[in-house]
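Read the structure below first, then the notes.
The values are calculated or read from the model by the stated rules, or taken from the named source; none is laboratory data. Every value quoted in this text rests on a predicted model; they were computed, and no experiment measured them. Please note: Cβ atoms are built from the backbone with ideal geometry, for glycine as well, and neighbour counts cover all protein chains shown.
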Amino acid sequence: MAEVASGSRSAFSDVYGLMSGPVFGTIRKIVRDASIAEEVAHDVLVEVWTKAQAWEPTRGSAAAWILTIARRRAIDRVRREQASRDRDHAAAVRDTTTPHDAVTEEVIETEERVLVSAALDALTDLQRQSIELAYYGGKTQDEISTMLDVPLGTVKTRIRDGLLRLRTTLGGES
Amino acid sequence: VNELHDLAPGYAVGALTDAERDAFEAHLATCEPCQSELAVMDEAVEALGFSDAEQPPDGLGARVMQSIDEAPQIASLAIRRRTRPAVWFGAVAAVLVLVLGAALGVMLRESAVDRVITAADAITVTVPATAAGDAGSSVQLVYSPSQEMGVLTAADLTTVASEATYQMWLIGADGPVSAGLFTPNVDGNASVLIEGVPQPGLVFGVTIEPSGGSPQPTGDVLFAAEV
């Protein structure tokens, strides 16, 4: 990553080779549509290049940093599309349904969950939901605590336990 | 500010508010335990990212490489200037921690452990040594059904070599499931949160495994008890 930050195209090409699959796959699970995912992935990878000098080792691994940018941009995109859909259909949609959030609904939806998270099967329901809502849904710990009606401390512990278990169960694959 | 020490998992999965994220990034610059904790959490995030990987469309690579030729990198000076207040925040936080004493940091990290041990419904189970274990050690499992959390407390454990670790297991009808790793301190004491939910019907066990832990126990069960 340091070489990328110093402007090395070939170092960036290596990063592309390693990270384009995870970046594209993660984005596609959030935005679903393959051509939108391609567009977002392009912007994310260019952002990795332009902001390479902002990455600092104390803030975690470079791969995790790149995946965080990918998720953030994908979630932004879903929220923006949802907002514009809501504006378009404002009159029609004024019904009795509770306020909804596109990202969260898509993530929680049972069918979709199979697609999103076979990797998360080893977790308890609360661990899996907490991680899905944060990781794919962009929810904060406080929001998850409210949505799942569990104490904030429990959400934090579940995210931590879930990640520790994922590290054990998935660790061998990468 | 006083809960900065338990923000690493939330930071890793992007579950912090903007304010929490800024505060935690500043805190990270000076807090080695949190850097280590984050490194572990990031391994899980990487594993998840790689398990989600999909072949990107043909042509994406070429378009990205073309775009970066036209996209200048943002100079570190501009970025650093923007982050300077955060560095200041870190320095202030570091001084605060010094002033309040190292005990505060330890206390914060152990707050979850304390919550379990002091829970109104905490149940303590003595976990005796098996024939393979050291009968001179004392191991207890404390769990709180209401908090769905458990803690192992141990004294006079045999220390393990650096390439090995103690690993906890919850054993049910489907076999053993890892409940986390731990290393006793130099006095042989340990006090750690258990991953997963200890509950009646499960057996809690402890083995010694190669460093990093094992998916399934490979060492002898040294301590075991029904929850």
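Within the range B:205-221, residues that are closer than 13 Å to residue B:178 by Cβ and modelled with pLDDT of 90 or more reach partners that are part of a loop (DSSP other than H, G, I, E, B) and of a type in the set (Asp, Glu) with beta carbons closer than 9 Å, at six or more positions or on different chains, in the pairs B:207/B:220. In the range A:129-167, the qualifying residues are those that are charged (D, E, K, R) and more than 14 Å from residue B:15 (Cα to Cα), and the one that is farthest from the chain's Cα centre (by Cα) is A:149. Reported count of residues in the range A:134-155, each being in a helix (DSSP H, G or I), at the interface with chain B (Cβ under 8 Å from one of its Cβ atoms) and out of contact with any Leu (no Cβ under 8 Å at 6 or more places or on another chain), is 2. Please specify each residue of the range B:6-42 satisfying the condition of being over 14 Å from the mean Cα position of the chain (by Cα) and charged (D, E, K, R). Listed by number, the residues that qualify are B:18, B:20, B:21, B:22, B:25.
Looking at the range A:59-118, the helices (runs of 4 or more DSSP H) lying wholly inside it that each contain 1 or more residues that are modelled with pLDDT under 55 and among the acidic types (Asp, Glu) sit at A:102-108, A:110-117.
A residue that is within 16 Å of residue A:62 (Cβ to Cβ) and not hydroxyl-bearing (Ser, Thr, Tyr) occurs somewhere in the range B:17-27. Here B:28, B:48, B:38, B:4 are screened, and the one residue that is surrounded by fewer than 22 Cβ atoms within 10 Å (Cβ to Cβ) and not charged (D, E, K, R) is B:4.
Only a single item in (1) out of contact with any helix residue (DSSP H, G or I) (no Cβ under 9 Å at 6 or more places or on another chain); (2) surrounded by 19 or more Cβ atoms within 10 Å (Cβ to Cβ) is not met by residue A:35, and it is number (2).
Selection within the range B:151-177: residues that are touching an Asp or Glu at 6+ places or on another chain (Cβ under 9 Å) and among the small types (Gly, Ala, Ser). The member of this set that is nearest to residue B:199 (Cα to Cα) is B:155. Would you confirm whether or not the range B:127-147 contains a residue that is under 27 Å from residue A:122 (Cα atoms) and within 17 Å of the chain's Cα centre (by Cα)? Checked the range B:127-147: no residue is under 27 Å from residue A:122 (Cα atoms) and within 17 Å of the chain's Cα centre (by Cα).
Summed over the range B:149-170, the residues that are at pLDDT below 90, over 17 Å from the mean Cα position of the chain (by Cα) and not small (Gly, Ala, Ser) give a count of 6.
Can you find a residue that is of a type outside the set (Ser, Thr, Tyr), at the interface with chain B (Cβ under 7 Å from one of its Cβ atoms), surrounded by fewer than 22 Cβ atoms within 10 Å (Cβ to Cβ) and touching a residue at least 12 places away in the same chain (Cβ under 8 Å) anywhere in the range A:163-171? Checking the range A:163-171: at least one residue is of a type outside the set (Ser, Thr, Tyr), at the interface with chain B (Cβ under 7 Å from one of its Cβ atoms), surrounded by fewer than 22 Cβ atoms within 10 Å (Cβ to Cβ) and touching a residue at least 12 places away in the same chain (Cβ under 8 Å). Check residue A:20 against each of (1) farther than 15 Å from residue B:54 by Cβ; (2) in contact with a Gly (Cβ under 8 Å, 6 or more places away or on another chain) and name the one condition it does not meet. Only one criterion is unmet by residue A:20, namely (1). The residues of the range B:168-180 that are crowded, with 21+ Cβ neighbours inside 10 Å and of a type in the set (A, V, I, L, M), listed by number, are B:168, B:170, B:179. Only one entry in B:141, B:38 is at the interface with chain A (Cβ under 7 Å from one of its Cβ atoms) and modelled with pLDDT of 85 or more, namely B:38. Residues of the range B:159-190 being among the hydroxyl-bearing types (Ser, Thr, Tyr) and out of contact with any helix residue (DSSP H, G or I) (no Cβ under 8 Å at 6 or more places or on another chain), which ones? Selection gives B:159, B:162, B:165, B:166, B:183. Scanning the range B:191-213 for residues being buried (at least 18 other Cβ atoms within 10 Å of the Cβ) and either hydrophobic (A, V, I, L, M, F, W, C) or in contact with a helix residue (DSSP H, G or I) (Cβ under 9 Å, 6 or more places away or on another chain) (or both) gives a total of 12.
Only one entry of B:165, B:159, B:183 meets the criterion of being out of contact with any Lys or Arg (no Cβ under 8 Å at 6 or more places or on another chain), surrounded by 18 or more Cβ atoms within 10 Å (Cβ to Cβ) and over 23 Å from residue B:122 (Cβ atoms), and that entry is B:165.
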